[in-house]
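One structure is given below, encoded as structure tokens.
The values are calculated or read from the model by the stated rules, or taken from the named source; none is laboratory data. Note that this is a predicted model, so its numbers are computed, not measured. Here the Cβ is made from the backbone with ideal geometry for all residues, glycine too, and neighbour counts use every protein chain on show. With ligands, DNA and RNA removed, areas are computed over all heavy atoms of the protein, side chains included. Shrake-Rupley method; radii C 1.70, N 1.55, O 1.52, S 1.80 Å.
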Amino acid sequence: MGFYTHASKETGTAMKFGVYLPPQAAHRRVPALYYLAGLTCTEETFLIKAGAQRVAAELGIALVACDTSPRGLNLPGEADSWDFGLAAGFYLDATQEPWKSSYRMGSYVNEELPSLIEANFPVIAGKRGIFGHSMGGHGALVTALRNPSRWHSVSAFAPISNPIAVPWGQKAFGNYLGPDQSTWEQYDASLLIRSKPYPGLLLVDQGLADNFLNRELKPENLDAAARASGQRLSLRLHADYDHSYWFIQTFVADHLVHHATQLGV
């Protein structure tokens, strides 16, 4: 388990990430599974809290987790609220000032970070999975839907499934992408699925005691979009589970097995 810092061309800042290598990586290259965390989180959150390393060791999968936004820019308004700016990059490429030069988490996750990992760690180039939680679940779904040839498995915990329709997404998209809502559609999983389904199976877990379920997450909209487009979706709803990492710990093994199956491990 290691934590690293590098100079990012996409963000123009130092970016941090963590990598867990399973025992198998000492003898051969292994598939890499990328995790995108949610609001207020860092590259450490999942790797400390989720308990995924044990399962990854059994399956022979590397885990990669990145930060949730650029740091150190000191942009006006960047730290005014917990759901926008710092630790809230929403895994998109901003087009509006002052965000557009550095808030490029979409390209960072899709292109720069995998290139860096594949050049410096014993992982198989071109065999990638992606998953995430909440804002990161949104990021994982959107990244895979926009780039299906680059991402060979995808899943999510409690994703922001229809960000155009909820306050978190409207706040982020309005600031990062501007007032033209037609530009928001390229970062909304429920809309992307309707126009271009992902070629594989999507796994999504959602707790029914999640405080953000009805206001921010809208899994029913993702389900409706999948049914309309023929997207294969396993949407599992769990009574009494909330939005916490206890929820993720409970079902993380299922997600890693899902990715191992899709990646041919």
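Structure data summary
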item	result
Karplus-derived 3J(HN,Hα), 6.51/-1.76/1.60, for each residue of region 190-198, Hz, glycine and proline x	5, 7, 4, 4, 5, 8, 8, x, 6
Within the accessible area of region 1-118 (1.4 Å probe), percent carbon and sulfur	51 percent
Heavy atoms of residue 58 accessible to a 1.4 Å probe, total area in Å² rounded to 10	120 Å²
Fluctuation leader among 28, 146, 104 - the chain, Gaussian network, Cα springs under 10 angstrom	28
Compactness index (Cα Rg / 2.2 N^0.38 Å), region 152-204	1.21
Normalised contact order of the chain, rounded percent, pairs of Cα under 8 Å and 6 or more residues apart	18 percent
Environment charge at residue 265 (Cβ cut-off 11 Å; Lys +1, Arg +1, Asp -1, Glu -1)	0
Long-range amide H partners of residue 123 with built H, under 5 Å	30
For the chain, calculated [θ]222 nm from helices alone, where every DSSP H run of n ≥ 4 adds -39500 (n - 2.57)	-9000 deg cm²/dmol
Note, ³J(HN,Hα) from phi for region 30-38, Karplus 6.51, -1.76, 1.60, rounded to Hz, x at Gly and Pro	10, x, 10, 10, 9, 10, 10, 7, x
Sequence-distant residues sharing a close amide H with residue 43 (under 5 Å, placed H)	67, 68
Surrounding net charge for residue 149, when Lys and Arg each add one and Asp and Glu each subtract one, Cβ distance under 15 Å	+4
Per-residue HN-Hα couplings for region 18-26 [Karplus 6.51, -1.76, 1.60; θ = phi - 60°; Hz; x = Gly/Pro]	x, 9, 9, 9, x, x, 4, 5, 6
Orientation-averaged projected area, Cα convex hull of region 1-132 (nm²)	7.6 nm²
Order of exposure, largest accessible area first, which applies to 71, 227, 232 with probe 1.4 Å	227, 232, 71
Amide H within-cut-off set for residue 207, under 5 Å, with H built and near neighbours excluded	158, 238
Flagged links, alpha-carbon separation over 22 Å, of 9/171; 196/218; 16/49; 16/100; 16/171	9/171; 16/171
Accessible area (Å², per residue) of the chain, counting only protein heavy atoms and a probe of 1.4 Å	39 Å²
